[in-house]
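Scroll down for the structure; my scribbles are underneath it.
Computed from the coordinates by the stated procedures, all read-outs in this text should not be read as laboratory data. All of these numbers come straight from a predicted model, not from anything done at the bench. Positions of Cβ are generated from backbone atoms using ideal geometry, with glycine treated the same way; all protein chains shown enter the neighbour counts.
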C-alpha cells in the first residue's frame, strides 16, 4: 500500500515514464526504476498496534533516556509517523531551520527544520517531534490542534530520511534500548 499523500507523485512519475518510452526506451526504463524506488520509499504497510506507548516511527534508536527516545529513519525505513498514544492534539509548532544530515544527532535536533506535536491524555502530555534531514526537505503533518487521535493513527510523514523524537511524561519510562531497530506501533514505553 502506498501512503495516500504520495500517490499523486507516483502517478506523475508513471505518466512521465510512459511519455519517455516514446522518446527513448532506456531513459524510460530508468524512469520506471526510479518510480519503483519512489513507491518503495512511500510504502505504508499495515501495523499491529501493541500495548503501552508505541513508537511513532520505524528506524534505529540512537538516543534514549528514561523519558525521551530518538529514532533515526534511513531511506529504507517506512516514513509514515503514528501517534504513540490516544489523546487530544493540544499544540503543533512548526520551526523552520536548516537541513543537516539527520544521522548527526545533536546538530539535527538543535538546528533542523522540525514540527512538534503535543498529544495530551489523562496521563499527561506526549510530544512527537518530526525532524527533517539533509534529504528530507518536506515534513507533512496530517493532524491539527484540537483533533483527537487514536493510538497508532497516522499523524504525518517525513519524506526521504529523517529523525523522530518521542518525549513521554515522567510517570512513564522508555523501555527500549539504544541501538535497537523499532517499528511504528511497537511498544517502547510503559507506565511506572
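Some notes on this structure:
- Overall form of segment 111-192 per C-alpha gyration tensor (a/c, 1.5; a/b vs b/c): oblate
- Degrees, to the nearest 10: 7-21 long Cα axis against longest axis of the chain: 20 degrees
- Candidates 21, 55, 86, ranked by Gaussian network fluctuation over the chain, Cα under 10 Å, top entry: 21
- Nearest-ten-degree value, helix 25-41 long axis tilted from longest Cα axis of the chain: 10 degrees
- Whole-number Å³ per residue for the convex hull built on Cα positions in segment 1-93: 136 Å³
- Cα-based Rg / Dmax (Å) for the chain: 17.7, 64
- Cβ-derived FRET efficiency at R0 41 Å, residue 12 paired with residue 120, nearest 0.05: 0.60
- Calculated [θ] (222 nm, deg cm²/dmol) that DSSP helices of n ≥ 4 give over the chain, each run adding -39,500 (n - 2.57): -6500 deg cm²/dmol
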